[in-house]
Amino acid sequence: MSALRQTDLDPRPERPVAVPAVRSRGPIHVAGMARAGTSWVAEMLRAAGGFVHLNEPFNPKRPPGQSPGILNASVQVGYIYVAEHNADVFRPALHDTFRFRYRHMAELRKNRSWFDLAKMGKYSSAFAMGALRRKRALLDDPYASLAAPWIAEEFDGQVALLVRHPAAMVASYRKLGYRAHFRHFLDQPQLMADYLEPWRADMEALVETDDRLSQVATFWTMLHRVLADMADRSDRLHVVRYEDLCADPAGEFERLFTRMGLEFNDAARAEVVRGTEGSSKNQSHAWRVSRRGGLSRTAFRPMDSRSMIWAWKDKISPGEAARIRAIAGPVAERFYGDADW
């Protein structure tokens, strides 16, 4: 059922916009669960200009991660939790990254294929121009979501924390044949101690399960349990629902830009229109050429955004939706009400 209900077309009531008290000069970070639409939101934000786009340097897989020229620190798990216990590991590396100091020798020591050399040329040039023109870093990285509060405070940044409906996430993972990997959480002792230890047994039981619905829904729940707590504690984390951006792209992106301390200029408005009134084949991480970013491997696709709000109902039965809601429980209630199911 991809058609919208009439209520999805009604104007949303005006809400006060929280504008940062002090204009940040540090990185803008788009965070959230992988496949939640972070690449789409990052593409809209960077249309305003003045950014160097950093595509998932915290992803433990290569590509796009494991490039020490960009981030000269070892990332062993996805959704790595960065706080005082490991800040000394990431502080110097991110200091270089956000000041656009590309580490050529570190990159060459680890990565030497033709693809590696092409990527090094792209990013070293982007870093040089970014430093020369005093640009800001745009960190497009769901795998750094649990590092977002520390990064924002340490480097004077702002975070767009994207939340997407848990049933939509189950549908997306199912379509692509993806699993949710609880080792990302279980292999981080400090994260478990600070947030998730009470649910260790639940996660361990789902590490190798064939029940992908329970696995992805539980992963969504665990991740958003932590992210919701982080957002409550930091005024630098700005929660935005994927569905709200889809229903009213121009209005909601303008609100998001304002919350992040960014100007919603003509270029940004035009990109929002282009990126939300097209069509999408929903390919995963295909190659794309853009005038701003050159050749890149990204999940972003222009799409008919309103058709995406309820697209998950084509793939998730009412009974499955009820199971997902039961699993997500009070965490989902932080973001979604009865009408969203």
Within the stretch 314-341, considering residues that are in contact (Cβ under 8 Å) with a residue 24 or more places away in the chain and outside any helix (DSSP H, G or I), the one surrounded by the most Cβ atoms within 10 Å (Cβ to Cβ): Ile316
Out of (1) under 21 Å from the mean Cα position of the chain (by Cα); (2) part of a loop (DSSP other than H, G, I, E, B); (3) within 27 Å of Arg233 (Cβ to Cβ), the one Arg62 does not meet is (3)
Restricting the search to the stretch 186-197, which residues are assigned to a loop (DSSP other than H, G, I, E, B) and surrounded by fewer than 20 Cβ atoms within 10 Å (Cβ to Cβ)? Asp187
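Quick test for you: out of Pro142, Pro166, pick the one residue that is surrounded by 22 or more Cβ atoms within 10 Å (Cβ to Cβ) and touching a strand residue (DSSP E or B) at 6+ places or on another chain (Cβ under 9 Å). Can you show your working first?
On the way: Pro166 fails: touching a strand residue (DSSP E or B) at 6+ places or on another chain (Cβ under 9 Å).
Just a single option satisfies the conditions, and that option is Pro142.
Among the listed residues Asp88, Asp140, which satisfies the condition of being charged (D, E, K, R) and closer than 27 Å to Tyr242 by Cβ?
Working: Asp88 fails: closer than 27 Å to Tyr242 by Cβ.
Residue meeting the stated conditions: Asp140.
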Looking only at the stretch 32-73, which residues are of a type in the set (Ser, Thr, Tyr) and closer than 27 Å to Trp220 by Cα? Thr38, Ser39
Read through the list (1) at positive phi; (2) surrounded by 19 or more Cβ atoms within 10 Å (Cβ to Cβ), then give the number of the only condition that Gly177 fails. (2)
Give me a count of the residues in the stretch 257-310 that are modelled with pLDDT of 85 or more and crowded, with 17+ Cβ neighbours inside 10 Å. 12
Suppose we filter the stretch 67-112 for residues that are of a type in the set (Gly, Ala, Ser), touching a residue at least 40 places away in the same chain (Cβ under 8 Å) and not in a helix (DSSP H, G or I); how many remain? 4
Among the residues that make up the stretch 85-107, is at least one of them closer than 30 Å to Glu208 by Cβ, modelled with pLDDT of 95 or more and buried (at least 22 other Cβ atoms within 10 Å of the Cβ)? no
Cβ-Cβ below 6 Å, separation at least six or inter-chain, first residue in the stretch 223-244 and in a helix (DSSP H, G or I), second of a type in the set (Phe, Trp, Tyr): which pairs? Val226/Tyr195
With respect to the numbered conditions (1) buried (at least 18 other Cβ atoms within 10 Å of the Cβ); (2) more than 17 Å from the chain's Cα centre (by Cα), which one is the sole condition not fulfilled by Leu117? (1)
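Asn111: within 26 Å of Phe185 (Cβ to Cβ), in the same structural domain as Arg136 (by TED's automatic domain parsing), of a type outside the set (D, E, K, R) and surrounded by fewer than 23 Cβ atoms within 10 Å (Cβ to Cβ), yes or no?
Details: within 26 Å of Phe185 (Cβ to Cβ): no; in the same structural domain as Arg136 (by TED's automatic domain parsing): yes; of a type outside the set (D, E, K, R): yes; surrounded by fewer than 23 Cβ atoms within 10 Å (Cβ to Cβ): yes.
No; evaluated as a whole, the condition is false for this residue.
Taking the stretch 174-185 only, how many residues are assigned to a helix (DSSP H, G or I), among the hydrophobic types (A, V, I, L, M, F, W, C) and over 19 Å from Glu84 (Cα atoms)?
Step one: of the stretch 174-185, the residues assigned to a helix (DSSP H, G or I) are 174-176, 183-185.
Adding the requirement that they be among the hydrophobic types (A, V, I, L, M, F, W, C) leaves 176, 185.
Okay, now just the ones that are also over 19 Å from Glu84 (Cα atoms), so 176.
So the count comes out to 1.
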Matching option when the condition is among the small types (Gly, Ala, Ser), part of a helix (DSSP H, G or I) and under 28 Å from Ala93 (Cα atoms), among Ala147, Ala201, Ala217, Ala160: Ala147
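The values are calculated or read from the model by the stated rules, or taken from the named source; none is laboratory data. If you're wondering where the values come from, they're calculated on a predicted model, not measured in any experiment. Counting neighbours? That spans all protein chains shown, and the Cβs are built from the backbone with ideal geometry, glycine included.
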